[in-house]
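S.K.: My structure is below; once you've seen it, I'll send some questions.
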Amino acid sequence: MLVWERPEPPDRPTPAPLSRELIVGAAIRLADADGLDAVSLRKVAAVLDVGPMRLYGYLATKEELLDLMVDAVHAEVRPTGHDWRTVLLSLAHATRQAVHRHEWLADLLGGRPQLGPNTLACGDAVLAGMAGVDLDTVVPAVAAVNAYVIGAVRREITERRAERASGLDKDEWQTTHGPYLKRIFADGHYPALANLVHNGPHLNADHTFEAGLALVLDGIATRVRGRSA
């Protein structure tokens, strides 16, 4: 039986109250502060001031805890819209915002079972907003947007972590590595890259995300028009 279906143990207010909601909340706070490596059943139990064995009445493994954490954060992802494009835009933005609030989510998106109540509610809202589009288009369209968003936010979080680790912001990174690139491009071996660096748009993370998402949605629009013609 999946964790979503198993009943919780009877309430025991002493020595300390406990529930799946309290356990997941403590785990999320640990992960928000110090990443997924900071999450263990022992550490969660310590935060809640209970013995680790008490947690096993509410979940069987750390993997179940991770599933519960991902689903809990999906309560923050509430896609809205009355047509396919606005609901997919809403899904993309809400997912990205949730990842920015909870960096660890970038490490788990796409790799966990999407069976919890909040995750299912999110998927149902997306499909409801896409009513009228044939399912042969809906399925790959939602998959394409999810794949784009997961890839984009993972890149953003990876770059954010690398910046913190190096201690260099974007301007400092360019100052440090710019002379190297100038020397490399000066020999003429990478003309296309040199042209991009010198003449291409230099977008920030928000603009990069929006531009890529627009390309994905424009491709979906072409499919939608073709199927309805």
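The values are calculated or read from the model by the stated rules, or taken from the named source; none is laboratory data. Quick caveat: nothing in here was measured; it's all calculated off a predicted structure. Here Cβ is always computed from backbone atoms with ideal geometry, including for glycine, and neighbour counts include all displayed protein chains.
S.K.: Suppose the filter is at pLDDT 85 or above and farther than 25 Å from residue 36 by Cα; does residue 205 pass it?
M.R.: No; evaluated as a whole, the condition is false for this residue.
S.K.: Looking at 125, 92, which one is surrounded by fewer than 21 Cβ atoms within 10 Å (Cβ to Cβ) and among the hydrophobic types (A, V, I, L, M, F, W, C)?
M.R.: Going through 125, 92 in turn, just one is surrounded by fewer than 21 Cβ atoms within 10 Å (Cβ to Cβ) and among the hydrophobic types (A, V, I, L, M, F, W, C): 125.
S.K.: What is the one condition in (1) buried (at least 18 other Cβ atoms within 10 Å of the Cβ); (2) in the same structural domain as residue 212 (by TED's automatic domain parsing); (3) of a type outside the set (Phe, Trp, Tyr) that residue 81 does not satisfy?
M.R.: If we test residue 81 against (1) buried (at least 18 other Cβ atoms within 10 Å of the Cβ); (2) in the same structural domain as residue 212 (by TED's automatic domain parsing); (3) of a type outside the set (Phe, Trp, Tyr), just (1) comes out false.
S.K.: Can you find a residue in segment 183-202 that is acidic (Asp, Glu), assigned to a helix (DSSP H, G or I) and either within 23 Å of the chain's Cα centre (by Cα) or at pLDDT below 85 (or both)?
M.R.: Looking for residues that are acidic (Asp, Glu), assigned to a helix (DSSP H, G or I) and either within 23 Å of the chain's Cα centre (by Cα) or at pLDDT below 85 (or both), one finds none in segment 183-202, hence no.
S.K.: Same structure, new question: Quick check: anything in segment 139-150 over 29 Å from residue 35 (Cβ atoms), out of contact with any Pro (no Cβ under 8 Å at 6 or more places or on another chain) and exposed (fewer than 14 other Cβ atoms within 10 Å of the Cβ)?
M.R.: Yes; the residues of segment 139-150 include at least one that is over 29 Å from residue 35 (Cβ atoms), out of contact with any Pro (no Cβ under 8 Å at 6 or more places or on another chain) and exposed (fewer than 14 other Cβ atoms within 10 Å of the Cβ).
S.K.: Given (1) assigned to a helix (DSSP H, G or I); (2) among the charged types (D, E, K, R); (3) more than 25 Å from residue 37 (Cα to Cα), where does residue 71 come up short, assuming only one miss?
M.R.: Answer for residue 71: the failing condition is (3).
S.K.: Are any residues in segment 18-38 among the hydrophobic types (A, V, I, L, M, F, W, C) and free of Cβ contacts under 8 Å to residues at least 60 places away in the same chain, and if so, which ones?
M.R.: 18, 22, 23, 24, 26, 27, 30, 33, 38
For (1) over 21 Å from residue 152 (Cα atoms); (2) touching a His at 6+ places or on another chain (Cβ under 9 Å); (3) in contact (Cβ under 8 Å) with a residue 24 or more places away in the chain, each residue gets a yes or a no:
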| position | (1), (2), (3) |
| --- | --- |
| 83 | yes, no, yes |
| 91 | no, no, yes |
| 97 | no, no, no |
| 102 | no, no, yes |
| 108 | no, no, yes |
| 126 | no, no, yes |
| 129 | yes, yes, yes |
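Per-residue answers, yes or no, for (1) assigned by TED's automatic domain parsing to the domain that holds residue 207; (2) out of contact with any Lys or Arg (no Cβ under 9 Å at 6 or more places or on another chain):
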{"position": "67", "(1), (2)": "no, no"}
{"position": "113", "(1), (2)": "yes, yes"}
{"position": "123", "(1), (2)": "yes, yes"}
{"position": "134", "(1), (2)": "yes, no"}
{"position": "144", "(1), (2)": "yes, yes"}
{"position": "160", "(1), (2)": "yes, yes"}
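S.K.: Pick out the one residue from 112, 161 that is surrounded by 13 or more Cβ atoms within 10 Å (Cβ to Cβ), at pLDDT below 90 and outside any helix (DSSP H, G or I).
M.R.: None of the other options fit; the residue is 112.
S.K.: Separate question: One residue is enough: does segment 28-45 have a residue meeting the conditions among the small types (Gly, Ala, Ser), over 17 Å from the mean Cα position of the chain (by Cα) and outside any helix (DSSP H, G or I)?
M.R.: Scanning segment 28-45, I find at least one residue that is among the small types (Gly, Ala, Ser), over 17 Å from the mean Cα position of the chain (by Cα) and outside any helix (DSSP H, G or I), so the answer is yes.
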